[in-house]
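Participant: Structure in structure tokens, see below.
Every read-out reported here was derived from the displayed coordinates using simple, explicitly stated rules and does not represent laboratory data. Quick caveat: nothing in here was measured; it's all calculated off a predicted structure. All Cβ positions, even for glycine, are placed from backbone atoms using ideal geometry, and neighbour counts span all protein chains on display.
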Amino acid sequence: MSAASVAGPILLVGCGKMGGALVAGWRARGIAADRIVIVEPNESARASASRLGVQVLGTAPQPDASRPFAALVLAVKPQVMGQVAPAYRALMTPATVALSIAAGITTATLKTHLSAAAVVRAMPNTPAAVGRGMTVLFAAPDVAKAQADLCGELMGAVGEVRWINDEALMDPVTAVSGSGPAYVFHLIEALAEAGVAAGLDPALAADLARATVTGSGELARLSSDPAAKLRADVTSPGGTTEAALKVLMADPGGLRELMTRAVQAAAKRSRELAGK
């Protein structure tokens, strides 16, 4: 099934960076501009969204029984979901699936806000902006297969897609892939700063750190080897890499322990946002 062939328009609520990336991906996948409607209350963001060539509104549209929405995509911050979502209850029909990308907001909460049963949660990440995102989805039991397929197609327009059957896993998913890009960006920062401390010019250190992290990521993506094998391949016994890894892999206090604590903190915050 192609999202471009699904009957009914798509309503996107919120057009920040992720919302804009989604629209660009949908258009690249062949979804016609007249099938996409954006609601963005912020005037400056609305002006930016209008450049995407689709209809942009400041408030929720009126229901049109002759043309129900195939999907209501909620791309708003979790802190405002309770104020935003109820305004779209009247637009939910049996043919409409609600797709939320808000971290920590459960399908049960979304069903309450929307008075609707067909609800799907998605956790994308910011590499979606360059078509290299990773999105994990969970569908409530009442979601029809065609509706789940549509949600998968919509999120697949900005990168890879995986499905889970246990909604509780959304919290660690959020901690690993949803928040994960920030960890990688911080690694680039830290590596560059370490280079400066070792005597490198700041501009050169920044270039080396950025290219090393992005290049290594691309190598990992293209290789069939696990990360542990790739690490071993670049680590010569008694060499410089091994000396550094003895610090990073120290037990206790090494990178594994630090990353575990970081992911646990993010997962805990995701559960807090859900009121768990």
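Participant: Relative contact order (percent) for the chain, with alpha-carbon contacts under 8 angstrom and 6 or more residues of separation? Please list the in-between numbers first.
Facilitator: Working: 416 pairs, mean separation 41.9, N = 276.
About 15 percent, as a whole number.
Participant: Of the listed values (1) 32, 21, 17; (2) 29, 20, 18; (3) 40, 20, 17, grab the one calculated as semi-axes √(5λ) of the Cα gyration tensor in Å from the structure here.
Facilitator: So the calculated entry is the one marked (3).
Participant: Using Cβ counts within 10 Å as a stand-in for footprinting exposure, how do TYR183, TYR88 rank, fewest first?
Facilitator: Working: TYR183 15, TYR88 23.
Ascending number of Cβ neighbours within 10 Å: TYR183, TYR88.
Participant: Okay, next question. HN-Hα J couplings of the range 161-169 from phi, Karplus 6.51/-1.76/1.60, θ = phi - 60°, integer Hz, Gly and Pro as x?
Facilitator: 9, 10, 10, 10, 9, 10, 4, 4, 6
Participant: In Å and whole numbers, how far do the C-alpha atoms of the range 176-269 stretch along each principal axis, longest first?
Facilitator: 39, 31, 29 Å, listed from the longest principal axis down.
Participant: Quick check: the angle from helix 202-222's long axis to the longest principal axis of the chain, C-alpha only, nearest 10 degrees?
Facilitator: The two axes meet at around 70 degrees.
Participant: Helix 17-28 against the longest principal axis of the chain: what's the angle in degrees, Cα atoms only, rounded to the nearest 10?
Facilitator: The helix 17-28 is inclined about 70 degrees to the chain.
Participant: Enumerate the calculated ³J(HN,Hα) couplings along the range 184-200 in order (Karplus 6.51 cos²θ - 1.76 cosθ + 1.60, θ = phi - 60°), each rounded to whole Hz, writing x wherever the residue is Gly or Pro.
Facilitator: 5, 5, 5, 4, 4, 4, 5, 5, 5, 5, 5, x, 5, 5, 8, x, 7
Participant: Given 0.36 nm per residue, what is the gain on full extension from ALA182 to ALA232 after removing their alpha carbon distance, in nm?
Facilitator: Numbers: separation 50, 0.36 × 50 = 18.00 nm, distance 2.53 nm.
The span from ALA182 to ALA232 would gain 15.5 nm if fully extended.
Participant: Something else: Have a look at the range 105-192 and give its Rg and Dmax from the Cα atoms, expressed in angstrom.
Facilitator: Here Rg and the maximum Cα pair distance are 14.6, 50 Å.
Participant: Find how much the distance from LEU204 to SER224 grows on full extension, using 0.36 nm per residue of separation minus their present alpha carbon separation; answer in nm with one decimal.
Facilitator: Details: separation 20, 0.36 × 20 = 7.20 nm, distance 3.12 nm.
Additional length available on full extension: 4.1 nm.
Participant: Something else now. Note the full-extension length gain between ASP166 and LEU191 as 0.36 nm times their separation in residues minus their Cα-Cα distance, in nm to one decimal. Please list the in-between numbers first.
Facilitator: Details: separation 25, 0.36 × 25 = 9.00 nm, distance 3.66 nm.
Result: 5.3 nm gained on full extension.
Participant: Can you give the % of DSSP beta bridges in the range 112-221 that are antiparallel, to the nearest 5? Walk me through the intermediate numbers first.
Facilitator: Details: 4 of 9 bridges.
Antiparallel bridges: around 45 percent, rounded to the nearest 5.
Participant: So, one more: Once you place label points 7 Å from the Cα toward the Cβ at GLU43 and ALA28, how far apart are they in nm?
Facilitator: So the label points at GLU43 and ALA28 sit 3.3 nm apart.
Participant: I would also like to ask the following. Grab the beta carbon distance between ARG132 and SER66, set R0 = 35 Å, and tell me the FRET efficiency rounded to 0.05.
Facilitator: Numbers: r = 38 Å, r/R0 = 1.10.
The pair ARG132/SER66 has a calculated efficiency of 0.35.
Participant: Compute the relative contact order of the range 180-273 as a whole-number percentage, counting only Cα pairs closer than 8 Å that sit 6 or more residues apart in sequence. Mind dumping the intermediate values first?
Facilitator: On the way: 34 pairs, mean separation 12.0, N = 94.
Result for the range 180-273 is 13 percent.
Participant: Can you work out ³J(HN,Hα) from phi for every residue in the range 176-182, in order, using Karplus 6.51 cos²θ - 1.76 cosθ + 1.60 and θ = phi - 60°, giving whole Hz and x for Gly and Pro?
Facilitator: Karplus values, whole Hz, x for Gly and Pro: 8, 9, x, 8, x, x, 5.
Participant: Here's another thing I want to ask about it. What residues have an amide H closer than 5 Å to that of VAL143, excluding those fewer than 5 places away on the same chain, when H is modeled at 1.01 Å from N in the peptide plane?
Facilitator: Residues meeting the criterion, in which the H sits 1.01 Å from N, are VAL119.
Participant: Follow-up. Only counting other Cβ atoms within 10 Å, I'd like ASP149, ASP34 sorted with the fewest neighbours first. Walk me through the intermediate numbers first.
Facilitator: Values: ASP149 17, ASP34 10.
Ordered from fewest to most neighbouring Cβ atoms within 10 Å, ASP149, ASP34 come out as ASP34, ASP149.
Participant: For HIS113, HIS186, what's the fewest-to-most ordering of other Cβ within 10 Å of each Cβ?
Facilitator: Values: HIS113 22, HIS186 11.
Fewest to most other Cβ atoms nearby, the residues stand as HIS186, HIS113.
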